[in-house]
Amino acid sequence: MISVESAIDLIVQNAGTQPIEDISLAEAMGQTLAEPVSADIDSPPFDKSLMDGYAIRVADLANGRGSLIKAGEVYAGQPAGPSLLPGQAIQIMTGAAIPLGADAVVMIERTQSAGDQIMLDDPELMLGQNIMKKSLEFARDETLLWPGHTIGPAEAGLLASVGKIRIQIFRPVTISILSTGNEIVPPSQYPQPGQIRNSNASTLDASIRRVHAKPIPLGIAGDDEKELADKIEQGLSADVLVLSGGVSAGKKDLVPKTLLSLGVEQIFHGVAFKPGKPLWFGKRGESLVFGLPGNPVSVLACFEVFIKTALRARCQHPHLKPIPWRLPLAIPFDYSTRRPTYHPARIEPSQAGLFVRPVSWKGSPDLRALTEANALLMVPAGDGPYPAGTLFDTLPIHHA
Ligand code: AMP
Ligand code: MG
């Protein structure tokens, strides 16, 4: 059995890289850039006004006070307006180009007009006020984004502003989901004695969609080598195959041996970690295989800690390993464990900052506890109780 850290290192070393695909900007949300993106234009492309008001020369006013003659108007969307001469003010709208000769904009609220006469009163007036200089945000040819950067709303807007309407991304990871176990029936069926419904496939499907990868459902295979082998072979055509169930020490835990018989190389089997000790990881060619224990909380914890690491690595994410937050306990916590445990918990904001509160949890099958959770509290092996305020590494789990 290896440590969580060693398991993560082995996953990173063996993850491989996704092929690159060209997509349109409209499809890019949540995907990962596979090329550097540079600006084809300065931003702003000209000195621009950040306010509706008057473009003026600071030197024409005394402490921001004085009276100037209105010499014109300039609107957003117009090329450069007329130049500003001494003693003049030009009315300007937000986003319009600053007239040549002006060195500040006084907001409209600090002015009064009587015909062409503009009275200004802005005692805090400073040179450059309310002007955004050309290329302050970025200059033409500057690199703005690098491979491995995830595209979110800000990136989508930035790509649009530099005219990048086709983008090279790492092709979304395809992930086959295979649930195993003679007792597992589809959610549509009412379980007969001894049976339970397949919850893992839905947990995995939702987890995969949340990280903008592509789930491929393969249904349920019974604890039978032939049936498993057929479905596993099918699943190996995806970038990643995730199985649940059948990886522990039970007589019907046939997944590891079936994987080996199909030429999947085992990289590790067993991690000192609760809930999820029997985790199996291997690969065949470019395809990765995760054999998760069947318990529903193990499935979710293994996805968050291990599978997400593999997905980040395949897309050259700059931070591959899970990044815990170090947070104080909101309440005392009486818990003892012989293996490092990822305990369902809630990160809670308060006036005094963020705290972490363990949620009531009945063990690996207790998926319901996770509906109250937004994090996994990383409890080291050892004995509690831990007083309120004890600092714990805490892994947020509702992040892409
Ligand atoms: P296993 O890892 O096969 O020993 O299964 C561990 C536990 O998880 C057993 O109680 C299984 O019934 C349960 N389990 C296995 N697969 C699923 C599944 N797809 N959905 C819900 N529970 C499952
Ligand atoms: Mg089983």
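The values are calculated or read from the model by the stated rules, or taken from the named source; none is laboratory data. Here the structure is a predicted model, which means the values were calculated and not measured. Note that we place each Cβ from the backbone using ideal geometry, even for glycine, and neighbour counts take in every protein chain shown. Protein only, heavy atoms only, side chains kept; ligands, DNA and RNA dropped before computing areas. Shrake-Rupley method; radii C 1.70, N 1.55, O 1.52, S 1.80 Å.
Per residue, what volume in Å³ does the Cα convex hull of the stretch 179-226 take up?
77
What ranking of PHE392, PHE46 comes out by heavy-atom accessible area, probe 1.4 Å, highest first?
On the way: PHE392 10, PHE46 80 Å².
Largest to smallest exposure gives the sequence PHE46, PHE392.
Compute the Rg/Rh shape ratio of the stretch 75-121: radius of gyration over Kirkwood radius, all on alpha-carbon atoms.
On the way: Rg = 10.8 Å, Rh = 11.5 Å.
Here the Rg-to-Rh quotient is 0.94.
Place a +1 charge on the Cβ of each Lys and Arg in the chain and a -1 charge on the Cβ of each Asp and Glu, then give the dipole magnitude about the Cα centre in debye, rounded to the nearest 20.
Values: 35 positive and 41 negative charges, 239 e Å.
The calculation lands at about 1140 debye.
What number results when the radius of gyration of the stretch 325-396, computed over Cα atoms, is divided by 2.2 N^0.38 Å? Could the numbers behind the result be given before it?
Numbers: Rg = 11.4 Å, N = 72, 2.2 N^0.38 = 11.2 Å.
In units of the globular-protein estimate, the stretch 325-396 measures up at 1.02.
Which three semi-axes in whole Å describe the equivalent ellipsoid of the stretch 348-389, each the square root of 5 times a Cα gyration tensor eigenvalue, listed largest first?
Working: eigenvalues 79, 55, 12 Å².
Ellipsoid semi-axes (Å, largest first): 20, 17, 8.
What translational diffusion coefficient, to the nearest whole µm²/s, does the stretch 1-89 have by Stokes-Einstein, given a Kirkwood radius computed over alpha-carbon pairs, a temperature of 20 °C and 1.002 mPa s viscosity?
Values: Rh = 19.7 Å.
Translational diffusion coefficient: 109 µm²/s.
Please work out the FRET efficiency for the pair THR143 and ALA26, using the Cβ-Cβ distance as r and a Förster radius of 25 Å; give the result to the nearest 0.05. Each step should come with its number before you reach the end.
Values: r = 23 Å, r/R0 = 0.93.
After rounding to 0.05, the efficiency reads 0.60.
Kindly sort ILE216, ILE90 by accessible area of their heavy atoms, largest first, with the probe set to 1.4 Å. Mind dumping the intermediate values first?
On the way: ILE216 65, ILE90 0 Å².
My answer, sorted largest first, is ILE216, ILE90.
Per DSSP H run of n ≥ 4, the term is -39500 (n - 2.57); total these for the chain, divide by its residue number, and report the mean residue ellipticity at 222 nm rounded to 500 deg cm²/dmol. Don't skip to the end; give the middle numbers.
Working: 7 runs with 63 residues, N = 400.
Counting only the DSSP helices, I get -4500 deg cm²/dmol.
Compute the signed sum of charges (Lys and Arg +1, Asp and Glu -1) over the other residues within less than 12 Å, Cβ to Cβ, of ARG339.
On the way: positive: LYS274, LYS277, ARG338; negative: none.
Result for the local shell: +3.
For the stretch 1-131, calculate the relative contact order in percent as a whole number, restricting contacts to Cα pairs under 8 Å that are 6 or more residues apart.
Over the stretch 1-131, the number comes to 27 percent.
Principal axis lengths of the chain from Cα atoms, whole Å, largest first?
93, 51, 40
Rounded to a whole number of µm²/s, how large is the Stokes-Einstein D of the stretch 48-132 at 10 °C and 1.306 mPa s, given Rh as the Kirkwood radius over C-alpha pairs? The partial results should precede the final answer.
Working: Rh = 12.1 Å.
For these conditions, the coefficient is 131 µm²/s.
Quick one: Kirkwood hydrodynamic radius for the stretch 142-227, alpha-carbon pairs, angstrom, one decimal?
Across the stretch 142-227, the inverse of the average 1/r is 16.2 Å.
Set Lys and Arg Cβ to +1 and Asp and Glu Cβ to -1, take the dipole of the chain about its Cα centre, and tell me which of ALA201, ALA373, ASN295 lies farthest positive.
ASN295
Hey, what D do you get for the stretch 74-208 in µm²/s if you plug the Kirkwood alpha-carbon radius into Stokes-Einstein at 25 °C and 0.890 mPa s? Walk me through the numbers before you get to the answer.
On the way: Rh = 21.6 Å.
Value of D from the Cα-based Kirkwood radius: 113 µm²/s.
Given the options THR341, ALA388, TRP325, identify the residue whose Cα lies farthest towards the positive end of the charge dipole of the stretch 325-396 (+1 on Cβ of Lys, Arg; -1 on Cβ of Asp, Glu).
The Cα lying farthest towards the positive end belongs to THR341.
Determine ³J(HN,Hα), in whole Hz, for all residues of the stretch 34-49 in sequence, where each value follows from phi through the Karplus function 6.51 cos²θ - 1.76 cosθ + 1.60 and θ = phi - 60°; x replaces Gly and Pro.
So the J values, rounded to whole Hz, are 10, 9, x, 10, 10, 7, 9, 7, 6, 9, x, x, 8, 4, 10, 7.
Please give me the summed charge of the neighbours of ASP121: other residues whose Cβ is under 11 Å from its Cβ, Lys and Arg +1, Asp and Glu -1. Intermediate values should be presented prior to the final figure.
Values: positive: ARG65, ARG110; negative: GLU109, ASP122, GLU124.
Around ASP121, the charge tally is -1.
To the nearest 20 debye, what charge dipole does the stretch 48-132 have about its Cα centre, counting +1 at the Cβ of each Lys and Arg and -1 at the Cβ of each Asp and Glu?
Numbers: 5 positive and 9 negative charges, 29 e Å.
Using only the charged Cβ atoms, the result is roughly 140 debye.
Could you tell me which of GLN117, ALA104, PHE138 has its Cα farthest along the dipole of the stretch 97-142 towards the positive end, charges placed at Cβ (Lys, Arg +1; Asp, Glu -1), taken about the Cα centre?
Most positive-ward Cα: PHE138.
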